[in-house]
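S.K.: I am attaching a structure below and will ask some questions about it afterwards.
The values are calculated or read from the model by the stated rules, or taken from the named source; none is laboratory data. These numbers come from a predicted model, not from an experiment. Here the Cβ is made from the backbone with ideal geometry for all residues, glycine too, and neighbour counts use every protein chain on show.
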Amino acid sequence: MDVISVIRTKRDRGALTDEQIDWVIDAYTRGAVADEQMSALAMAILLNGMDRREIARWTAAMIASGERMDFSPASGITRPTADKHSTGGVGDKITLPLAPLVAACGAAVPQLSGRGLGHTGGTLDKLESIPGWRAALSNEEMLSVLGSTGAVICAAGDGLAPADKKLYALRDVTGTVEAIPLIASSIMSKKIAEGTGSLVLDVKVGTGAFMKTLEDARELAATMVGLGTDHGVRTVALLTDMSTPLGLTAGNALEVRESVEVLAGGGPADVVELTLALAREMLDAAGLPDTDPARALADGSAMDVWRRMISAQGGDPDAPLPTAREQHVVTAPATGVLTRLDAYGIGVAAWRLGAGRARKEDPVQSGAGIELHAKPGARVTAGQPLLTLHTDTPERFPYGLEALTGAYDIEPDGTAFTARGIVRE
Ligand code: URA
């Protein structure tokens, strides 16, 4: 087998055989297929797609590239396990309040998370803005944090779906993220290898999501639910809006601050609403349908789990969060109603300000990002602050501002169109 013939098959719109898929995933994981060759194959998959058999085999090969974890009672974890995964959005900090919340309600939440991908933020990049917090845990450490606090958020260990680890970083910098087969196999290989008993998928749809249309989001949801079910994981999917950012912040430390506000019983209404909706689905899937997550937010028990979980991973939950050295305020150019605030424009601007990376080895800035002072539907007055841009490197401001060109509309008597709402697939 040689990689050129595999690339040519997909380039010429053919279906890859099981043997081709098994070989190329294994060879890439071992380093026998180079990044530039895999990136050509990923682009061919993005352009020409894969059928259900190919996606199932590609996912199985990614799972087989590494080890599988076990959170059954034999591992010492006696609570039912529940996990959630978002397909990626702007301002999507939901995992941060959600994992401790669901743990406070009685489930065990082994949350393997990722870094920023394209214009979307990554949970690990966000949490790393907490002084001392460590994303990389050994399997023993992960089990120990999960057992003692009920929740753990960490990077997939080197041994778990290593093919995805390499491919995920490659796709981030080669324009090959937005492909249903690659997204579905990336997410589900990690989740199946992780060994969770149940999984809730938050499939984002809208300008700031990788899936721009409801039809594509539905196909991605159905593909992932099918993969999970075939591997014995109770899997459900919600379709949720990503046409405008979630909450009032996009950026690493900015989003941690907002998540802590939610855990303290406050925070923006849309973040609270989605956190509770996903928590209810996770508890239901874990066989704990009678617990009320709203109560665990109100009585402080979710915050207690958060503090213990952050401390158990070396972080200081009381340490001040980093702030960017420079700020630039964008004011409303007119008086009226903010009818649109585009998630993609905000995501690209935050990324360019330093919240995301341009090359896979780049560091991210903890303090970089964007604060929103109004959401669609709000009345604004000419000259009032609309957005605050944060960065340590002010030479990035022009690039951030360029991404915001055309990203919002203010109309004198407008009403905002929002596709808010949560659809269960
Ligand atoms: N999250 C993942 O883990 N992989 C993707 O491809 C997209 C979102």
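S.K.: Would it be correct to say that LEU170 is among the aliphatic types (A, V, I, L, M) and either assigned to a loop (DSSP other than H, G, I, E, B) or under 24 Å from CYS105 (Cα atoms) (or both)? Can you show your working first?
M.R.: On the way: among the aliphatic types (A, V, I, L, M): yes; either assigned to a loop (DSSP other than H, G, I, E, B) or under 24 Å from CYS105 (Cα atoms) (or both): no.
Taking the combined requirement at face value, the residue does not satisfy it.
S.K.: Determine which member of the set GLY314, GLY345 is touching a residue at least 60 places away in the same chain (Cβ under 8 Å) and surrounded by fewer than 20 Cβ atoms within 10 Å (Cβ to Cβ).
M.R.: The unique qualifying residue is GLY314.
S.K.: Also: Answer yes if at least one residue in segment 262-269 is of a type outside the set (A, V, I, L, M, F, W, C) and assigned to a helix (DSSP H, G or I), and no otherwise.
M.R.: no
S.K.: Next question, about the same structure. Quick check on my filter: what residues within segment 111-140 are part of a loop (DSSP other than H, G, I, E, B), within 16 Å of the ligand (Cβ to nearest atom) and either touching a Leu at 6+ places or on another chain (Cβ under 6 Å) or modelled with pLDDT of 95 or more (or both)?
M.R.: Answer for segment 111-140, where residues must be part of a loop (DSSP other than H, G, I, E, B), within 16 Å of the ligand (Cβ to nearest atom) and either touching a Leu at 6+ places or on another chain (Cβ under 6 Å) or modelled with pLDDT of 95 or more (or both): ARG115, ALA135.
Every residue, every condition in (1) modelled with pLDDT of 95 or more; (2) in a loop (DSSP other than H, G, I, E, B); (3) surrounded by 22 or more Cβ atoms within 10 Å (Cβ to Cβ); (4) within 14 Å of the ligand (Cβ to nearest atom), yes or no:
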{"residue": "VAL177", "(1), (2), (3), (4)": "no, yes, no, yes"}
{"residue": "LEU182", "(1), (2), (3), (4)": "yes, no, yes, yes"}
{"residue": "PHE210", "(1), (2), (3), (4)": "no, yes, yes, yes"}
{"residue": "ALA237", "(1), (2), (3), (4)": "yes, no, yes, yes"}
{"residue": "ALA250", "(1), (2), (3), (4)": "yes, no, yes, no"}
{"residue": "SER259", "(1), (2), (3), (4)": "yes, no, yes, no"}
{"residue": "ALA277", "(1), (2), (3), (4)": "yes, no, no, no"}
{"residue": "ARG280", "(1), (2), (3), (4)": "yes, no, no, no"}
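S.K.: Every residue in segment 141-162 that is within 20 Å of ALA279 (Cα to Cα) and within 16 Å of the ligand (Cβ to nearest atom), please.
M.R.: ILE153, CYS154
S.K.: Pairs please, first residue from segment 74-100 and in contact (Cβ under 8 Å) with a residue 24 or more places away in the chain and over 15 Å from VAL152 (Cβ atoms), second anywhere and within 12 Å of the ligand (Cβ to nearest atom) and of a type in the set (Gly, Ala, Ser), Cβ atoms under 6 Å, 6+ apart in sequence or on different chains.
M.R.: GLY89/ALA209; ASP92/SER86
S.K.: State all residues of segment 147-167 that are over 16 Å from the mean Cα position of the chain (by Cα) and either surrounded by fewer than 23 Cβ atoms within 10 Å (Cβ to Cβ) or assigned to a loop (DSSP other than H, G, I, E, B) (or both); if no residue qualifies, say none.
M.R.: Residues satisfying the conditions are GLY147, SER148, GLY150, GLY157, ASP158, GLY159, LEU160, ALA161, PRO162, LYS166.
S.K.: Follow-up. Check ALA277, ALA285, ALA319, ALA294 and return the single one that is of a type in the set (Gly, Ala, Ser), within 16 Å of ALA108 (Cα to Cα) and not assigned by TED's automatic domain parsing to the domain that holds ASP392.
M.R.: Sole residue among the options that is of a type in the set (Gly, Ala, Ser), within 16 Å of ALA108 (Cα to Cα) and not assigned by TED's automatic domain parsing to the domain that holds ASP392: ALA285.
S.K.: Please identify the pairs in which a residue from segment 166-190 that is at negative phi and without any contact (Cβ under 8 Å) to a residue 40 or more places away in the chain has its Cβ atom under 9 Å from the Cβ atom of a residue that is more than 10 Å from the ligand (Cβ to nearest atom) and β-branched (Val, Ile, Thr), counting only partners at least 6 apart or on another chain.
M.R.: Hits for this filter: zero, empty list.
S.K.: Still on this structure: What is the one condition in (1) touching a Leu at 6+ places or on another chain (Cβ under 8 Å); (2) surrounded by fewer than 21 Cβ atoms within 10 Å (Cβ to Cβ); (3) assigned by TED's automatic domain parsing to the domain that holds LEU283 that SER39 does not satisfy?
M.R.: The one condition SER39 does not meet is (3).
S.K.: Residues in segment 93-104 that are over 20 Å from GLU194 (Cβ atoms) and part of a loop (DSSP other than H, G, I, E, B): how many? Working first, answer last.
M.R.: Step one: filter segment 93-104 for residues over 20 Å from GLU194 (Cβ atoms), giving 93, 97, 104.
Now drop any that are not part of a loop (DSSP other than H, G, I, E, B), which leaves 93.
The qualifying residues number 1.
S.K.: So GLU402 clears everything in (1) more than 21 Å from THR244 (Cβ to Cβ); (2) surrounded by fewer than 21 Cβ atoms within 10 Å (Cβ to Cβ) except one condition, right? Which one?
M.R.: Status for GLU402: all satisfied but (1).
S.K.: Something else about it: Considering each residue of segment 310-335, count those that are on the phi > 0 side of the Ramachandran plot and of a type in the set (D, E, K, R), and give that number.
M.R.: Adding up the residues that qualify gives 0.
S.K.: Also, I was wondering about something else. Just to be sure, is ALA61 in a helix (DSSP H, G or I), within 16 Å of the ligand (Cβ to nearest atom) and outside the structural domain of ASP362 (by TED's automatic domain parsing)? I'd like the intermediate steps shown before the answer.
M.R.: Values: in a helix (DSSP H, G or I): yes; within 16 Å of the ligand (Cβ to nearest atom): yes; outside the structural domain of ASP362 (by TED's automatic domain parsing): yes.
Spelling it out, ALA61 is indeed in a helix (DSSP H, G or I), within 16 Å of the ligand (Cβ to nearest atom) and outside the structural domain of ASP362 (by TED's automatic domain parsing).
S.K.: Let me ask another. I want to confirm something. Restricting to segment 65-103 and keeping residues that are over 22 Å from ARG115 (Cα atoms) and out of contact with any helix residue (DSSP H, G or I) (no Cβ under 8 Å at 6 or more places or on another chain), which single residue is nearest to the ligand (Cβ to nearest atom)?
M.R.: Restricting to residues being over 22 Å from ARG115 (Cα atoms) and out of contact with any helix residue (DSSP H, G or I) (no Cβ under 8 Å at 6 or more places or on another chain), the top hit is THR81.
S.K.: Would you confirm, using the coordinates I've provided, whether ALA108 is more than 15 Å from the ligand (Cβ to nearest atom) and buried (at least 23 other Cβ atoms within 10 Å of the Cβ)?
M.R.: Yes: the conditions hold for ALA108.
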